[in-house]
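What follows draws every value from the coordinates through simple rules; no lab data is involved. Since the model is a prediction, treat every value here as computed from it, not as a measurement. Neighbour counts are summed over all protein chains in view; Cβ atoms, including those assigned to glycine, are modelled from backbone coordinates with ideal geometry.
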Amino acid sequence: MVDLSGPIRALQRTADTVLPRHCQACEAPAGQLGLCAACICALPWNDCACTGCAQPLAQPGVCPDCARRAPPYDHAWAAFRLEAPIQHSIHALKYHADFTQAQLLGTLMAQQRQHLAPLPQVLLPVPLHPGRLRRRGYNQALELARAISKLLQLPVLSDAATRQRATEDQIGQTAAARRRNMRGAFTLRRPLTGLHVALIDDVMTTGATLAELARSCRRAGAAQIEVWAAARTP
Ligand SMILES: [Zn+2]
Ligand SMILES: [Zn+2]
């Protein structure tokens, strides 16, 4: 008898890539997004975090930094802590143009935010410097914003802000140096008078970039500014 198990398995794998029927993490039947409910539940949700800057905390509340000086946005939220498997997902989106990760992360973010009242009126992805955008070919924050907007039906202001300074990755720099680096990094090309805005980014580190963008939005008239990031570093 001819052994068809190999070809059948191959077909099964193809079918799973088109429309995953099995959880990509554990083989259980998949729900939406190609993950099963248990694996979605086990993701590193950033449930206990500072309401000011989304920094993961041991207890709910405000972190010492935000208690000392309130950030220039009203509120920051990050869906996840930057840990496996979320950090792999973000890496694939950011460096390997894996847009299914934007769908996954954006949908999970939107599901968490959809019962929020009031929702922001517009989504504003953190822009990339034009040089970096040319090299990468896409802006991962915009891809996330698009996925979020699909579910929440919120407009994405994709070209409202421009970034005129190519700030290097600010890893290893002090908070004060990061702030100095970011000063004047963004220009708003349209007024945001009276708008409730959510700034969208993939990873929030110290928040220096988001803080500078928030200041620019405030100068452009935004009434309420929140930050939504897919993941937050500890
Ligand atoms: Zn699973
Ligand atoms: Zn804080």
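The residue of the stretch 41-55 that is nearest to ligand 1 (Cβ to nearest atom), among those that are in contact with a Cys (Cβ under 9 Å, 6 or more places away or on another chain) and in contact (Cβ under 8 Å) with a residue 60 or more places away in the chain, is Ala49. Inside the stretch 40-73, residues that are within 17 Å of the chain's Cα centre (by Cα) and assigned to a loop (DSSP other than H, G, I, E, B) make up a count of 10.
Go through Ala211, Ala231 for me and flag whichever is part of a strand (DSSP E or B) and within 23 Å of Asp65 (Cα to Cα). Break it down into steps so the answer makes sense when it comes.
Numbers: Ala211 fails: part of a strand (DSSP E or B).
So the residue among Ala211, Ala231 that is part of a strand (DSSP E or B) and within 23 Å of Asp65 (Cα to Cα) is Ala231.
Any chance the stretch 135-142 includes a residue that's assigned to a loop (DSSP other than H, G, I, E, B) and more than 16 Å from Thr209 (Cα to Cα)? Outline the logic, then answer.
Step one: filter the stretch 135-142 for residues assigned to a loop (DSSP other than H, G, I, E, B), giving 137-139.
Cutting the leftovers down to more than 16 Å from Thr209 (Cα to Cα) gives us 137-138.
The answer is yes, given that some residue of the stretch 135-142 is assigned to a loop (DSSP other than H, G, I, E, B) and more than 16 Å from Thr209 (Cα to Cα).
Only residues that are exposed (fewer than 13 other Cβ atoms within 10 Å of the Cβ) and among the polar types (S, T, N, Q): list them for the stretch 54-77, please. Write out each step before concluding.
Taking the stretch 54-77 first, the residues exposed (fewer than 13 other Cβ atoms within 10 Å of the Cβ) are 58-60, 64, 67-70.
Listed by number, the list holds a single entry, Gln59.
Answer yes if at least one residue in the stretch 167-189 is touching a helix residue (DSSP H, G or I) at 6+ places or on another chain (Cβ under 8 Å), part of a strand (DSSP E or B) and among the hydroxyl-bearing types (Ser, Thr, Tyr), and no otherwise. Taking every residue of the stretch 167-189 in turn, at least one turns out to be touching a helix residue (DSSP H, G or I) at 6+ places or on another chain (Cβ under 8 Å), part of a strand (DSSP E or B) and among the hydroxyl-bearing types (Ser, Thr, Tyr).
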